[in-house]
């Protein structure tokens, strides 16, 4: 019998609330840091050195940290593989970087568009950052949806697995705008012999509700 | 099998697939010099759509933004006279764009829902009274190809019977200034794969392709089938292509599971006419064994239409395959890439039945589609 796909592990960061959660357990917490400082603090405290981190915009920093903590804590990095998809979903695309770029071009008398910022005005760059870090050659894709929606996430997972090239996926909801930067990332696998919870719409919803209610 | 049952294109070259295709056969380009301070401090070459040209096509056009009107018009062109019910429950809309209604963004309106792509998609699918929640993909310049791949998966898993895939993007100060900051815009009409190429032109367009699941028995001669699609990442750099063409090479290699290079009429490459992109593609194509297969690029007809490119160029390629034609690469004169590839420089006839659309984008993403003529 075909084994059900499993949620092997998940990470959650709410930069506004200054918390990091891995598999339901709060592993890091500070107080009163703004979102940018908090993300830098998480990087310095919990992650290996990766200087490219400092170049990233907020959106990518958040996605990068979620992936680093997820892959490292679960021991599933498997550098160089081609059968792991990366899919991110969010509502506002790259609006933080869009606003920054817009500010740099709005006034013809004060015109200073920067390529280093412009590249981050695409919502899929975060998938590229994670692929580069881990040398994942599989598919990378960015979806836009109005809110965290477990039914939608399950559908995205199912769609990825229609393609036999994909055996596991980093599936993520990452939303950053103004003073908010919140995201969750799941590692889900259909490989045999993996331990975890069967993936379902209900499970994806339960996990999210618990994180939201756990003040 | 997944069949193309309709397609439509709104671009500077015309407001139907037919018009666009005819103009390409006539060797016309939609590119011209734009001197307009509202989109750029310096003049630039681009291909633009006039919203006014769509007012006789789109009902209550004043209710819609330019991007929405273009998208709706491309769908109307795709269903024209075909009696396809787009409001039915077994039809899903998939919208793909890099920046959507980005022309609405200014420094005070970041809360405006209409700059959210999911809202734009909702407005478009509501026009056709479709109640299903549309799916939205924003995957840099491969968006339009990613959307077709997702459509094919939805149809294969029988969740829907047909998928309306739309790709659309605008030329605005936002994108023009960004590409200018990268120094990637050419100061003339672009010249894909040419020795004297100096960069790309951006263009705007909306294109729609309607895919439907069909039994093999119900297919007719000359039907065009979406046979396979694949996405791979370079895992190399967020804004520069891999020197070895890694992602594109892996995509091309994958497609050879369903065909072989001798059966392929042509490859429609991304061919943006930037130094790096065209060089990368030539290497990927040679590595994957495609040195003898004609390669073309459509960027000198339309410019680089960003999220629309994957749909627009698939439609033109499918049409060429149907007619048994290999289109020339406008702007190309002399080979200027190191990979051993054969660039199509004139209109040729073919009796081969397969064609490939190849594409890549920022974030290291690459994708390829395989179309087959029955």
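Observations on the structure shown:
- Note on region B:41-55: residues that are within 27 Å of residue B:163 (Cβ to Cβ) and either in a loop (DSSP other than H, G, I, E, B) or without any contact (Cβ under 8 Å) to a residue 24 or more places away in the chain (or both) total 2.
- Of the criteria (1) crowded, with 19+ Cβ neighbours inside 10 Å; (2) in contact with a strand residue (DSSP E or B) (Cβ under 9 Å, 6 or more places away or on another chain); (3) closer than 30 Å to residue A:194 by Cα, which one residue A:58 fails: (3)
- Only listed residue being assigned to a helix (DSSP H, G or I), without any contact (Cβ under 8 Å) to a residue 40 or more places away in the chain, more than 10 Å from chain B (Cβ to nearest Cβ) and within 27 Å of residue A:167 (Cβ to Cβ), chosen from A:72, A:68: A:72
- Candidates are the residues of region B:335-346 that are surrounded by fewer than 23 Cβ atoms within 10 Å (Cβ to Cβ) and touching a helix residue (DSSP H, G or I) at 6+ places or on another chain (Cβ under 7 Å); the one that is nearest to the other protein chains (Cβ to nearest Cβ) is B:339.
- Hits in region B:155-174 (condition: touching a helix residue (DSSP H, G or I) at 6+ places or on another chain (Cβ under 7 Å), within 9 Å of another protein chain (Cβ to nearest Cβ) and under 26 Å from residue B:251 (Cβ atoms)): B:156, B:157
- Given (1) crowded, with 19+ Cβ neighbours inside 10 Å; (2) closer than 28 Å to residue A:194 by Cβ, index of the condition residue A:24 fails: (1)
- Residue B:364 falls short on exactly one of the conditions (1) under 14 Å from residue B:193 (Cα atoms); (2) in contact with a strand residue (DSSP E or B) (Cβ under 9 Å, 6 or more places away or on another chain), and that condition is (1).
- Whichever residue in region B:1-40 is in a loop (DSSP other than H, G, I, E, B) and free of Cβ contacts under 8 Å to residues at least 60 places away in the same chain and, among such residues, is nearest to residue B:355 (Cα to Cα): B:26
- Leading residue by the ranking (nearest to residue B:172 (Cα to Cα)) among those in region B:99-118 that are surrounded by 19 or more Cβ atoms within 10 Å (Cβ to Cβ) and within 9 Å of another protein chain (Cβ to nearest Cβ): B:102
- Residue match in region B:63-77 (condition: in contact with a strand residue (DSSP E or B) (Cβ under 8 Å, 6 or more places away or on another chain) and part of a loop (DSSP other than H, G, I, E, B)): no
- Any chance residue A:119 is surrounded by 19 or more Cβ atoms within 10 Å (Cβ to Cβ) and either within 9 Å of chain B (Cβ to nearest Cβ) or within 12 Å of the chain's Cα centre (by Cα) (or both): yes
- Taking region B:119-148 as the range and being surrounded by fewer than 24 Cβ atoms within 10 Å (Cβ to Cβ) and in contact with a strand residue (DSSP E or B) (Cβ under 8 Å, 6 or more places away or on another chain) as the test, the residues that pass are B:128, B:130, B:132, B:134.
- Flag for residue A:138 being in a helix (DSSP H, G or I), in contact with a strand residue (DSSP E or B) (Cβ under 9 Å, 6 or more places away or on another chain) and farther than 23 Å from residue B:134 by Cβ: no
- Residue that is within 7 Å of chain B (Cβ to nearest Cβ) and within 16 Å of the chain's Cα centre (by Cα), where the choices are A:125, A:105, A:99: A:125
- Number of positions in region B:123-142 that are under 24 Å from residue A:125 (Cα atoms) and either part of a helix (DSSP H, G or I) or more than 9 Å from chain A (Cβ to nearest Cβ) (or both): 4
- Residue check for residue B:96: at negative phi, more than 9 Å from chain A (Cβ to nearest Cβ) and without any contact (Cβ under 8 Å) to a residue 40 or more places away in the chain: no
- Filter pass, residue B:178 being at the interface with chain A (Cβ under 10 Å from one of its Cβ atoms) and part of a loop (DSSP other than H, G, I, E, B): no
- Residue list for region B:32-55, restricted to those being in contact with a helix residue (DSSP H, G or I) (Cβ under 7 Å, 6 or more places away or on another chain) and away from chain A (no Cβ under 14 Å): B:47, B:49, B:51, B:54, B:55
Since every read-out is calculated from the coordinates, none of them should be taken as a lab result. Keep in mind that this is a model prediction, so the values were computed, not measured. Cβ atoms come from the backbone with ideal geometry, glycine included; neighbour counts cover every protein chain shown.
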